[in-house]
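Participant: I'd like to ask you about the structure that follows.
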Amino acid sequence: MRQAANGAGAGGDGVSPGNVPVCYYGPGGRVSASLERRVRAAEVFLRCAACGLAVLAAALLGADRQSRTFFSIQKVARYTDMQSLVILVIASGMVACYSLIQGARCLLSIVRGGILLSRPLAWAIFSCDQVMAYIIIGAVAVAMEAALIGKYGQVEFQWMKTCHLYQRFCTQAGGGVACAIAASASMVGISLLSAFNLFRLYGEGKGRK
């Protein structure tokens, strides 16, 4: 009984009263080791997914072009003809580079077995994740609006639809935008995880001296 009481009272040794491994954060907060592993695995997966999808979006848009001949005049459609697609390519490149760096950091922390205990670092990661999520979401929203105008036109402003003239270009551009949407969804999930990693450092629980 005395050993059990000592195990229950000494919360700082990483073992709960039920002999379940726990990781401690903040003043008295604790997180189970199994939850910690799931959080790390989810973060690595989402960052790798965001990186791959952003690279694919930038590649599809950057390589997208189609030429048509109108009355002996050749016209080539490129993503640079639409500023919204240019912004989306730049935003996708930024998200890809950032996700690659953060993914490498996560993998390194898993290999070393370290735990994020620094509040300033947690705030920095949280802030950067939020900024990147807003950037890619804003770029996707602008690109989707331009894509809809190109697909259906805008009669009120006398903007004609052009996708029936450049079907292959619009199809590939649509695939790039779809990949960017998936990358933005991954960044939203990453932002939620980084918020969890940050605010659990301020949690107040029981079981620690």
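Participant: Rounded to the nearest Å, what's the spacing between the alpha carbon centres of segment 161-182 and segment 126-148? Just the number, please.
Facilitator: What the calculation gives is 17 Å, centre to centre.
Participant: I've got another one for you. Quick one: with all protein chains in place, what share of the accessible area of segment 33-201 is carbon or sulfur, to the nearest percent (1.4 Å probe)?
Facilitator: Carbon plus sulfur share of accessible area: 70 percent.
Participant: At 1.4 Å probe size, with every protein chain present, just tell me what the per residue accessible area of segment 33-201 comes to in Å². Please list the in-between numbers first.
Facilitator: Values: 9390 Å² over 169 residues.
Using a 1.4 Å probe on heavy atoms only, each residue of segment 33-201 averages 56 Å².
Participant: Then there is this: Please report the relative contact order for segment 33-201, taking Cα pairs under 8 Å with a sequence separation of at least 6, and give it as a percent rounded to a whole number. Please report the intermediate quantities before stating the final value.
Facilitator: Numbers: 193 pairs, mean separation 61.6, N = 169.
In percent, rounded to a whole number, it is 36.
Participant: For segment 33-201, what is the convex hull (Cα atoms) projected area averaged across all directions, in square nanometres? Intermediate values should be presented prior to the final figure.
Facilitator: Numbers: hull surface 45.1 nm².
The number I arrive at for segment 33-201 is 11.3 nm².
Participant: Rounded to the nearest 10 Å², what accessible area does M94 have for a 1.4 Å probe in the complete protein model?
Facilitator: 80 Å²
Participant: Okay, next question. Just to verify a number: what accessible area does K75 come out at with the full protein assembly present, 1.4 Å probe, Å² rounded to tens?
Facilitator: Its accessible surface works out to 100 Å², give or take rounding.
The values are calculated or read from the model by the stated rules, or taken from the named source; none is laboratory data. Everything quoted here is computed from the prediction, not taken from an experiment. Only protein heavy atoms, including side chains, enter the accessible area calculation; ligands, DNA and RNA are left aside. Shrake-Rupley method; radii C 1.70, N 1.55, O 1.52, S 1.80 Å.
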